[in-house]
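Student: What follows is a single structure, and I will ask about it in a moment.
The values are calculated or read from the model by the stated rules, or taken from the named source; none is laboratory data. These numbers were taken from a predicted model, which means no experiment stands behind them. Cβ: placed from backbone, ideal geometry, glycine included. Neighbour counts: every protein chain shown. Calculation scope for accessible area: heavy atoms of the full protein, side chains included, ligands and nucleic acids excluded. Shrake-Rupley method; radii C 1.70, N 1.55, O 1.52, S 1.80 Å.
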Amino acid sequence: GPAHGRHCHRQRERDREQDSGPARPQPPEPSLLRFLVCPLSKRPLRYEEATNELINEELGIAYPVIDGIPNMVPEAARMTHKKPPAEGSEQP
């Protein structure tokens with residue numbers, strides 16, 4: 001029936017993805033990277049290829065990069081190993 005046809009189509013798409021080799025994380029455009037700054041500190045960000053993230057060393061946060069697009073909302077950022085200094089943080 002129609003359900004079977006849908007399944008076959010999905011299978012074909014999965015095969016096509018595998019043909020293009022392992023899905024490597026896609027880095028952001030270098031031209032984009034040049035003027036990207038952290039929305040919180042307005043400082044340049046460092047692209048970390050190993051984790052596919054944009055790192056703000058100063059604040060100790062990392063923004064994920066999804067399909068080459070940096071997801072630079074504070075909610076998406078994760079804390080890296082370094083803790084930000086207590087002073088200047090947003091706690092009252």
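Student: Any residue in the stretch 63-78 that is at positive phi sitting within a Cβ distance under 9 Å of a residue that is part of a loop (DSSP other than H, G, I, E, B) and open to solvent by 90 Å² or more (accessible area, probe 1.4 Å)? List the pairs, counting only those 6 or more apart or interchain.
Tutor: These pairs meet every condition: D67/Q26; G68/Q26; G68/E29.
Student: Residue pairs, Cβ under 8 Å, 6 or more apart or interchain, first in the stretch 35-56 and over 14 Å from P74 (Cα atoms) and at pLDDT 90 or above, second among the small types (G, A, S) and outside any loop (DSSP other than H, G, I, E, B). List them.
Tutor: Note: pairs meeting the criteria are E48/A62; T51/A62.
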